[in-house]
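Heads up, the thing below is written out as structure tokens.
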Amino acid sequence: MTAKEEKARAIVRRLGEGGFKAYFAGGCVRDRVLGVEAKDFDIATDARPEVVQRVFDHTIAVGARFGVIVVVLDGEPFEVATFRADAPYLDGRRPSAVHYGTIEEDAKRRDFTIGGMYYDPASDRVIDLVGGMRDLRAGIIRAIGNPFERFAEDRLRILRAVRFASRLGFTIDPGTWAAIKRASPSIRDIAAERIGEELVMIMTDGAAARGTDLLLESGLMAVLLPEAIAMIGCSQPENFHPEGDVYVHTRLAVSMLEAGCTEALAFGILLHDIAKPGCRAERDGKVTFYGHTDEGARIAAGIMARLKRSRFVQERVAYLVRNHLRLCMAPRMRPATLKRMLTEDGFDELLEVSRLDALASSSYLGFYHFCRRALHSMTAEEIRPLRLIGGNDLIALGFAPGPSFKTILREVEDLQLDGALSTREAALDYVRTRYGASNAAPGA
């Protein structure tokens, strides 16, 4: 038992000592039945919010009007929600009002049967009022009650169904699936931040290919990532891509993403060829995609901005898309160029993007292993040594500060990285010989 579960049990026990019913609820119960360690523990109780606040010393009324109080125990937060029934959802996100009720009413308001169960730690029993155990055993995602009503209440549940089905490897109940397909256009009504968070979880939970399949088949991809639809049917030269069109290639690459990968890596792979349809050209029987890396970086950054991902993620995804083919040239790079690339922020992710890209096409990994050997055969000091000279040295030589400083210092650093210059004295001699006095300040 984890320390977090022990604290959650203490909260349930404390409420029970006060004469109230209290149970674990939702995802932590599902995870328990599946034998998965729960990350969070939500608690449902018949104690009213004001009572919960009196029972515990440190509470936060984050959603008191919806019956939710956060209890902080030893610095760790736990949501404690009063059994309730919801009034109509008018904004497709949250109920217009709630009234406190029974556990039966509380179960019926939840989204999916596998997340609508409760667990009583005191008696070690699961309380299942909605058929959740049946669907867990069968591997089915099923909405509680009328699925059209459940998705109309909170449209984000559409994406949650896809996420659960992909992560758990479950199928979606036909009635629930029909409601998802009908409701998919309404996902636009949900805040972009919430959509972005769900898509990130779908892409990083270890079953991204299954997730993208469901997004495509449900119509959600056409709404949320319309740029990706153009990849379907965009043919590629068979000698480079025997696997098929751009979408088939992308799906293969996505299928190799591991659980827990970064969102930048996941979307870097998903979007690495996003501009190929728009850049595709054919002349004399030859198919080309000139410019698709730069254009793809622009499109990818725009998609991540639309999903309200951080500026860091936007820039990192753009970097991965823009440079995903650059590693192919690594064996032919001059040492200075190679070393600079190896020290770029995000290079580890770029290396993985390039590996997955290759495995999803020709499977040639010579460039990948070349870069790996380079990383492991050189010390950090060899890859990124201290500069031999700086701007003050150029001034001491009589050069006037200006734009030429950057050019000169870059050239000296290139030669240092190439191994042609290794001492400060040699670098100064090179500058004197290469640039002479023509660039020096008057009177120097």
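The values are calculated or read from the model by the stated rules, or taken from the named source; none is laboratory data. All values derive from a computational prediction rather than experimental measurement. Positions of Cβ are backbone-derived with ideal geometry, glycine not excepted, and every protein chain shown enters the neighbour counts. In case anyone asks, the SASA skips ligands and DNA or RNA and just uses the protein heavy atoms, side chains included. Shrake-Rupley method; radii C 1.70, N 1.55, O 1.52, S 1.80 Å.
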Checked segment 1-55 for anything more than 30 Å from Gly139 (Cα to Cα), hydrophobic (A, V, I, L, M, F, W, C) and open to solvent by 10 Å² or more (accessible area, probe 1.4 Å); matches are Ala10, Phe20, Val51, Val55
Taking the condition over 30 Å from Val246 (Cα atoms), assigned to a helix (DSSP H, G or I) and of a type in the set (D, E, K, R), does Glu352 pass?
-> no
Where residues in segment 387-413 are in a helix (DSSP H, G or I) and among the basic types (Lys, Arg), which of them is nearest to Ala336 (Cα to Cα)?
-> Arg410
Quick one: Ala253 ticks every box in (1) loosely packed, with under 15 Cβ neighbours inside 10 Å; (2) under 19 Å from the mean Cα position of the chain (by Cα); (3) of a type in the set (Gly, Ala, Ser) except a single one, so which number is it?
-> (1)
Go through segment 280-310 and count every residue that is modelled with pLDDT of 95 or more, of a type in the set (D, E, K, R) and either part of a strand (DSSP E or B) or crowded, with 23+ Cβ neighbours inside 10 Å (or both).
-> 1
Restricting the first residue to segment 238-260 and requiring it to be without any contact (Cβ under 8 Å) to a residue 24 or more places away in the chain, which pairs with a second residue that is surrounded by 17 or more Cβ atoms within 10 Å (Cβ to Cβ) meet a Cβ separation below 6 Å and a spacing of at least six or different chains?
-> Asp245/Cys234; Tyr247/Met231
Which one of these does Pro277 not meet: (1) touching a Gly at 6+ places or on another chain (Cβ under 6 Å); (2) not in a loop (DSSP other than H, G, I, E, B)?
-> (1)
Check segment 217-224 and report whether any residue there is more than 19 Å from Gly302 (Cα to Cα) and part of a helix (DSSP H, G or I).
-> yes
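Residue by residue, here is whether (1) out of contact with any Leu (no Cβ under 6 Å at 6 or more places or on another chain); (2) open to solvent by less than 40 Å² (accessible area, probe 1.4 Å); (3) of a type in the set (Lys, Arg); (4) at pLDDT below 95 holds:
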site: His324; (1), (2), (3), (4): yes, yes, no, no
site: Met341; (1), (2), (3), (4): yes, yes, no, no
site: Leu356; (1), (2), (3), (4): yes, yes, no, no
site: Leu359; (1), (2), (3), (4): yes, no, no, no
site: Ser377; (1), (2), (3), (4): yes, no, no, yes
site: Gly391; (1), (2), (3), (4): yes, yes, no, yes
site: Ala396; (1), (2), (3), (4): yes, no, no, yes
site: Ala400; (1), (2), (3), (4): yes, no, no, yes
site: Pro403; (1), (2), (3), (4): yes, no, no, yes
Residue in segment 228-242 that is under 17 Å from Arg355 (Cβ atoms) and of a type outside the set (Gly, Ala, Ser) present | yes
